[in-house]
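Participant: One structure is given below, represented as structure tokens, and several questions about it will come after.
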Amino acid sequence: MTTNSTLFPTQIMRAELNAKLDTYLDASLARISNAPVTPRNDLEGFRTELADMQFQTPMDLETLLQWTIGHLETGAVQMTHTGYLGLFNPAPSFPAEAADRIAAALNPQICVWSHAPIAVEIEAHVITQIADRIGLPDGAGGHFTTGGSEANATAFLCALTRMNSDYAEQGARAFTGQPRIYVSKESHLAWLKIAHQNGVGRQAVRLVPTDGQGRMDAGALADYIEEDKAGGDIPVMIAATAGTTNAGMVDPLHACADIAKSHQIWYHVDAAWGGAIIASDRERPVLDGIERADSVTIDAHKWFATTMGAGMFFTAHPKVLSETFRVSTSYMPSNDADVDLYVNTMQWSRRFVGLRLFLALASAGWQGYGQHIEHGIDLIDYLNTEMVKHGWQIANASRMAVSCLIPPAHLGSVEDMAEKIVSGGTHWVSLVKYEGRSVLRACLTNGRTSKADIDGFIAQLVAP
Ligand SMILES: *Cc1c(COP(=O)(O)O)cnc(C)c1O
């Protein structure tokens, strides 16, 4: 009957370890910013060390903390590096990081309101404020998710449940034909997994052609729906992308809304990374039409710069959530469709994820977030202007902070160029296909990235 003091140290020991952990972390972050952005550790040696750890003999925790930070510092692509022009994995904002620690230390269980009313109400407040900023109607609701994939899966499940009242009990058999979901070819292909998960099969996903600029072709969308209906299929949902992953392009949101309304099918807008643009009054018009959606996905862990594992789902019809996720058991303290998250969402036990965005928004304000968004866009505008001067082409006409670059022929292939940059270690970029063409993709993901970082990147791109 003795407490294990490694797992549960005394308050004094805890405070000491915490202070040390802070020191190690801050020192590591400082080193990361001056080191290569890509992994450089000896994986062989690491694997041997790891294999030897069979947990038979307890090890010193302080040493383990240093061991872990040290290996992560050299053994990962660094999101906090200002040269990481990557796949929209942000350097987390400081308030979000602090929120994550608070949630970890107090560990509220927020699946039922009565267990953590303050946390549940803080999250609900953030959701309502953002829904309002999106322009969704009064009474709109939603919740935090683990990311965009969960939010998109929630949208499709709600759409299926609303479309056919027997779907909840009978699954896909409730439909007299193949249910269909319409997304563009350039959409995030988690949709295939989502269709699989929801029991309607990957065939349910119709990949609608794009217009040569990465945007869903609304005419082709209308034709697909007519054809499918004529063949006995059941159109269930259109999911427009507002900010494609590759190129930051926005599907024609009004045209897609018109088509969805005319066929009375669910209209979802996947704004997983681009949605944060609602924070900027200057740039908000790029999302014009998003306010007509039945549901919207915005990730907190992309342009809103929280720590990983934070997305958001919004809907103009919050009642559909309790129709979809209803359940009742004797061991839960309550079962209130109005406030209990476990009867309104996919998850059951829940982490207090929304605090990250609450503290960040409350401390920076919409204006501070607007500044963050515009900073990224302005740096990408600068990059584009400079590259055009050097004879490069910009393949994507996006207002988001991402550039798809094509070098002039004499500089060699984009593949070689990406290889050269990444192996140089000061910057990280990706190689993607945009409208069938290989391009170098540079995306502004770190709020600390400066004009000097971009100048360093340009210098390498234009060097013969
Ligand atoms: C990132 C992204 C997703 C997937 O979101 P996760 O948070 O990675 O689950 C879906 N759609 C778009 C447009 C995205 O950019």
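The values are calculated or read from the model by the stated rules, or taken from the named source; none is laboratory data. In this text, all values refer to a predicted model and were calculated from it rather than measured experimentally. Every residue, glycine as well, gets a Cβ built from its backbone with ideal geometry; the counts of neighbours run over all protein chains shown. Heads up: the accessible areas ignore ligands, DNA and RNA and are worked out on the full protein's heavy atoms, side chains in. Shrake-Rupley method; radii C 1.70, N 1.55, O 1.52, S 1.80 Å.
Participant: Against the conditions (1) surrounded by 18 or more Cβ atoms within 10 Å (Cβ to Cβ); (2) farther than 24 Å from Pro318 by Cβ; (3) within 15 Å of the ligand (Cβ to nearest atom), where does Arg206 fall short? Just the number, please.
Facilitator: Against the list (1) surrounded by 18 or more Cβ atoms within 10 Å (Cβ to Cβ); (2) farther than 24 Å from Pro318 by Cβ; (3) within 15 Å of the ligand (Cβ to nearest atom), Arg206 comes up short only on (3).
Participant: Consider the range 134-190. How many of its residues are part of a loop (DSSP other than H, G, I, E, B) and under 23 Å from Leu253 (Cβ atoms)?
Facilitator: The qualifying residues number 12.
Yes or no, residue by residue, for (1) acidic (Asp, Glu); (2) under 18 Å from the mean Cα position of the chain (by Cα); (3) closer than 30 Å to Thr324 by Cα:
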{"position": "Phe352", "(1), (2), (3)": "no, yes, yes"}
{"position": "Ala360", "(1), (2), (3)": "no, yes, no"}
{"position": "Gln367", "(1), (2), (3)": "no, no, no"}
{"position": "Ile373", "(1), (2), (3)": "no, yes, no"}
{"position": "Ile380", "(1), (2), (3)": "no, no, no"}
{"position": "Ala397", "(1), (2), (3)": "no, no, no"}
{"position": "Asp416", "(1), (2), (3)": "yes, no, no"}
{"position": "Gly425", "(1), (2), (3)": "no, no, no"}
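Participant: Kindly list the number of the only condition in (1) within 16 Å of the ligand (Cβ to nearest atom); (2) part of a helix (DSSP H, G or I) that fails for Thr68.
Facilitator: Of the numbered conditions (1) within 16 Å of the ligand (Cβ to nearest atom); (2) part of a helix (DSSP H, G or I), the odd one out for Thr68 is (1).
Participant: Any residue that is farther than 21 Å from Ser398 by Cα, touching a Gly at 6+ places or on another chain (Cβ under 7 Å) and of a type in the set (Gly, Ala, Ser) - is there at least one of those in the range 319-328?
Facilitator: no
Participant: Return the residue satisfying two criteria in turn: it lies in the range 238-259 and is within 21 Å of the chain's Cα centre (by Cα) and not in a loop (DSSP other than H, G, I, E, B), and of such residues it is nearest to the ligand (Cβ to nearest atom).
Facilitator: Residue satisfying both the conditions and the ranking: Thr241.
One line per residue, one yes/no per condition, for (1) surrounded by 18 or more Cβ atoms within 10 Å (Cβ to Cβ); (2) under 21 Å from the mean Cα position of the chain (by Cα); (3) within 26 Å of Gly447 (Cα to Cα):
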site	(1), (2), (3)
Ile290	yes, yes, yes
Ser295	yes, yes, no
Phe313	yes, yes, yes
Val320	yes, no, no
Val327	no, no, no
Ser334	no, no, no
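Participant: A further question on this structure: Taking the criterion of being within 16 Å of the ligand (Cβ to nearest atom), open to solvent by 30 Å² or more (accessible area, probe 1.4 Å) and under 20 Å from the mean Cα position of the chain (by Cα), would at least one residue in the range 113-125 satisfy it?
Facilitator: Looking for residues that are within 16 Å of the ligand (Cβ to nearest atom), open to solvent by 30 Å² or more (accessible area, probe 1.4 Å) and under 20 Å from the mean Cα position of the chain (by Cα), one finds none in the range 113-125, hence no.
Participant: Need pairs with beta-carbon distance below 8 Å; first residue closer than 16 Å to Cys111 by Cβ and within the range 139-152, second near the ligand (Cβ under 8 Å from one of its atoms); sequence gap 6+ or separate chains.
Facilitator: The qualifying pairs are Phe144/Gly311; Thr145/Ala151; Thr145/Gly311; Thr146/Gly311; Glu150/Gly311.
Participant: While we're looking at this one, here's another question. Among the residues of the range 260-277, how many are more than 16 Å from the ligand (Cβ to nearest atom) and either over 20 Å from Ala222 (Cβ atoms) or among the small types (Gly, Ala, Ser) (or both)?
Facilitator: 2
Participant: Moving to a separate point now. Out of all the residues in the range 21-48, which are open to solvent by 60 Å² or more (accessible area, probe 1.4 Å), at pLDDT 95 or above and over 13 Å from Ile69 (Cβ atoms)?
Facilitator: Correct list: Arg47, Thr48.
Participant: With Ala153, Ala140, Ala174, Ala131 as the choices, which residue is open to solvent by less than 30 Å² (accessible area, probe 1.4 Å), among the small types (Gly, Ala, Ser), within 16 Å of the ligand (Cβ to nearest atom) and modelled with pLDDT of 95 or more?
Facilitator: The unique qualifying residue is Ala153.
Participant: List pairs: first in the range 229-255 and open to solvent by 30 Å² or more (accessible area, probe 1.4 Å), second within 10 Å of the ligand (Cβ to nearest atom) and assigned to a loop (DSSP other than H, G, I, E, B), Cβ under 6 Å, 6+ apart or cross-chain?
Facilitator: Sorted first by the residue in the range 229-255, then by its partner, the pairs are Thr245/His188.
Participant: Still on this structure, please answer the following. Here are some conditions: (1) surrounded by fewer than 20 Cβ atoms within 10 Å (Cβ to Cβ); (2) over 21 Å from Ser450 (Cβ atoms); (3) out of contact with any His (no Cβ under 9 Å at 6 or more places or on another chain); (4) without any contact (Cβ under 8 Å) to a residue 60 or more places away in the chain. Val414 meets all but one. Which one does it not meet?
Facilitator: Looking at each condition in turn, Val414 falls short on (1).
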